[in-house]
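Worksheet for the structure shown next.
The values are calculated or read from the model by the stated rules, or taken from the named source; none is laboratory data. From a predicted model like this one, the values you see are computed outputs, not experimental measurements. Every residue, glycine among them, receives a Cβ derived from its backbone with ideal geometry; neighbour counts consider all protein chains shown. All accessible areas refer to the heavy atoms of the entire protein, side chains included, with ligands and DNA or RNA removed. Shrake-Rupley method; radii C 1.70, N 1.55, O 1.52, S 1.80 Å.
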Amino acid sequence: MTTWDSLYARRATRMRASEIRELLKLLDRPDVISFAGGIPDPALFPAHAFKEAYGEILGGPDAEKALQYGISEGSLRLRQWIVRHMQELGVSCGPENILITSGSQQGLDYIGKLFLSEGDTALVQWPTYLGAIQAFNAYELHFDRLDPGTNRPADDYSLRASQKGGAVKFAYLSPDFANPTGLSLGLDERRQILSLAEELACAVIEDAPYESLRYDGEPVPAVLALDCEKSGGIENSRTLYCGSFSKSLSPGLRLGWICAASEVISRLVLIKQASDLNTPVLNQEAMARVAERKFDSHTAHTNKIYRERRDAMLAALERHMPAGVHWSRPEGGMFIWVELPKGMDAAGLLERSVDTVKVAFVPGGAFHPDGSGANTLRLSFSCASPARIEEGISRLGAMIAETVTSGL
């Protein structure tokens with residue numbers, strides 16, 4: 001037999017299965033109330049609008065073009081819509097500053113490939129998005145904690161990176177309703193990160209898939225917008241903005257984008273040409289039409305529903321969680337972050353929860369690059385009705401209270 005382990009590249013040993021993707025299998029069990037998958041409610045997808053768009057394309061003169069290979073940068077019509085969207089976020093740019101990707105997850109992989117050499121360091125929030133950890137991990141890097149609330153000097157980041165055999169290449173952050181915490185960075189925190197990146201001469205990766213899912217509060221300028229204002233325009237900026245249609249219109253079409261200085265985009269295009277040549281043209285053309293016609297009205301509609309579900313979960317947590325349990329209060333997005341009393345193990349709790357009370361969540365350790373955060377967990381409210389949220393949190397709270405009391 002072939003001994004495959006001896007043939008794999010060294011980086012393959014750093015690849016791990018996503019706990020979240022495995023937990024999504026629980027969604028197929030009707031007896032389990034799942035707060036695990038951070039996915040949009042499929043009942044809210046604008047299916048009729050996509051049906052019309054695909055019919056229009058395939059039944060019209062552009063059918064052959066839409067079924068052909070496309071340019072690696074992406075459909076011009078879709079990039080032009082994104083340019084207008086970015087301008088609404090305070091970023092003045094052109095189509096040359098946009099690369100269409102097969103979901104923002106592909107964009108993170110490309111960014112890791114472009115910037116990271118073996119031994120380099122990426123600064124990340126703690127906890128951070130599991131998909132980013134997976135995307136970057138294969139490039140044999142080190143993670144360091146990005147915390148704009150501290151006074152840690154840039155020299156300390158640089159020293160630790162050099163001691164590990166590389167340099168700080170970028171700071172990765174999700175400033176709006178982050179996965180997994182649901183929390184957002186304030187204006188001062190965003191500016192602090194930009195100043196730190198300037199001192200370190202590194203890039204900033206702004207991952208913003210939940211930007212349009214705001215339910216309360218006032219929008220805070222995108223990091224890229226602040227960077228452009230500070231540096232004199234996108235061509236002088238150090239920030240790469242990663243956007244996505246997955247949480248707003250459809251995850252199944254796998255469409256995202258990177259917005260950055262054209263020099264960086266041109267490098268990323270080379271990576272895409274070697275990877276998948278181009279994102280499917282048909283999907284891009286359909287998304288462009290739906291975004292042009294439905295983006296604002298559709299997100300307004302879905303945000304009203306998600307707001308109701310978030311409020312239902314926050315209220316249920318207040319009613320059913322025992323003393324010593326704390327949670328975030330997000331202004332948008334899909335997640336609430338829960339901190340259990342010290343010493344509790346959320347991973348062990350999950351197994352008991354699914355078996356006994358039929359409630360699923362994501363243990364928080366998966367979102368910590370160092371494996372810490374054992375007493376934390378992530379809840380998603382996006383796919384459950386208020387009644388199901390009430391029932392699920394009631395069951396979960398009772399089990400946690402019993403665990404606290406018994407000391408299990």
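The set of residues from region 285-317 being buried (at least 17 other Cβ atoms within 10 Å of the Cβ) and more than 20 Å from P40 (Cα to Cα) comprises E285, R289, A316, L317. Residues in region 94-128 that are open to solvent by 10 Å² or more (accessible area, probe 1.4 Å), hydroxyl-bearing (S, T, Y) and either more than 30 Å from V338 (Cα to Cα) or modelled with pLDDT of 95 or more (or both): 2 in all.
Here G217, G252 are screened, and the one residue that is assigned to a loop (DSSP other than H, G, I, E, B) and over 30 Å from A286 (Cα atoms) is G217. The condition (being closer than 30 Å to F50 by Cα and crowded, with 20+ Cβ neighbours inside 10 Å) is satisfied by just one residue among G332, G392, G364: G332. If the condition is being modelled with pLDDT of 80 or more and either open to solvent by 100 Å² or more (accessible area, probe 1.4 Å) or polar (S, T, N, Q) (or both), then region 14-34 contributes P30, S34.
Residues of region 352-361 being within 20 Å of the chain's Cα centre (by Cα) and open to solvent by 10 Å² or more (accessible area, probe 1.4 Å), which ones? If the condition is that a residue be within 20 Å of the chain's Cα centre (by Cα) and open to solvent by 10 Å² or more (accessible area, probe 1.4 Å), then no residue fits. For region 35-75, residues that are acidic (D, E), open to solvent by less than 80 Å² (accessible area, probe 1.4 Å) and over 23 Å from the mean Cα position of the chain (by Cα) total 1. A count restricted to region 334-361 and to residues that are within 14 Å of E402 (Cβ to Cβ) and in contact (Cβ under 8 Å) with a residue 60 or more places away in the chain stands at 4.
Every condition in (1) in a helix (DSSP H, G or I); (2) more than 30 Å from L159 (Cα to Cα); (3) open to solvent by less than 10 Å² (accessible area, probe 1.4 Å) is met by I271 except one, and the failing one is (3).
Applying a threshold of 7 Å to beta carbon distances and a minimum spacing of six or more residues, or different chains, the list of pairs starting in region 33-57 at a residue that is closer than 20 Å to S244 by Cβ and touching a residue at least 40 places away in the same chain (Cβ under 8 Å) and ending at one that is part of a helix (DSSP H, G or I) and of a type outside the set (A, V, I, L, M, F, W, C) reads L44/T302; P46/K294; P46/H298; A49/R293; A49/K294; A53/R289. Looking across region 94-122 at every residue that is assigned to a loop (DSSP other than H, G, I, E, B) and out of contact with any Ser or Thr (no Cβ under 9 Å at 6 or more places or on another chain), the one that is nearest to E206 (Cα to Cα) is identified as L116.
Candidates in region 369-389 are the residues that are more than 16 Å from G324 (Cα to Cα) and of a type in the set (S, T, N, Q); of these, the one that is surrounded by the most Cβ atoms within 10 Å (Cβ to Cβ) is S380.
Taking first residues from region 231-249 that are of a type in the set (D, E) and partners that are part of a loop (DSSP other than H, G, I, E, B), the Cβ contacts under 6 Å between residues at least 6 apart in sequence or on separate chains come to E235/A261. Test each condition in (1) closer than 30 Å to V357 by Cβ; (2) at pLDDT 90 or above; (3) not in a loop (DSSP other than H, G, I, E, B) for M86 and report the one that comes out false. All conditions pass for M86, except number (1). Taking region 293-310 as the range and being without any contact (Cβ under 8 Å) to a residue 12 or more places away in the chain and either farther than 22 Å from S184 by Cβ or touching a helix residue (DSSP H, G or I) at 6+ places or on another chain (Cβ under 9 Å) (or both) as the test, only S297 passes.
For region 136-145, a residue qualifies if it is open to solvent by 10 Å² or more (accessible area, probe 1.4 Å) and either charged (D, E, K, R) or under 19 Å from A208 (Cα atoms) (or both), and the qualifying residues are E140, D144, R145. Just one of the listed residues (L116, L99, L108, L78) is of a type outside the set (S, T, Y) and more than 17 Å from R267 (Cβ to Cβ), and it is L78. Residue selection: N236 satisfies the criterion of being of a type outside the set (A, V, I, L, M) and surrounded by fewer than 24 Cβ atoms within 10 Å (Cβ to Cβ). Scanning region 395-408 for residues that are more than 13 Å from A360 (Cβ to Cβ) and either of a type in the set (V, I, T) or crowded, with 21+ Cβ neighbours inside 10 Å (or both) gives I400, T403, V404, T405.
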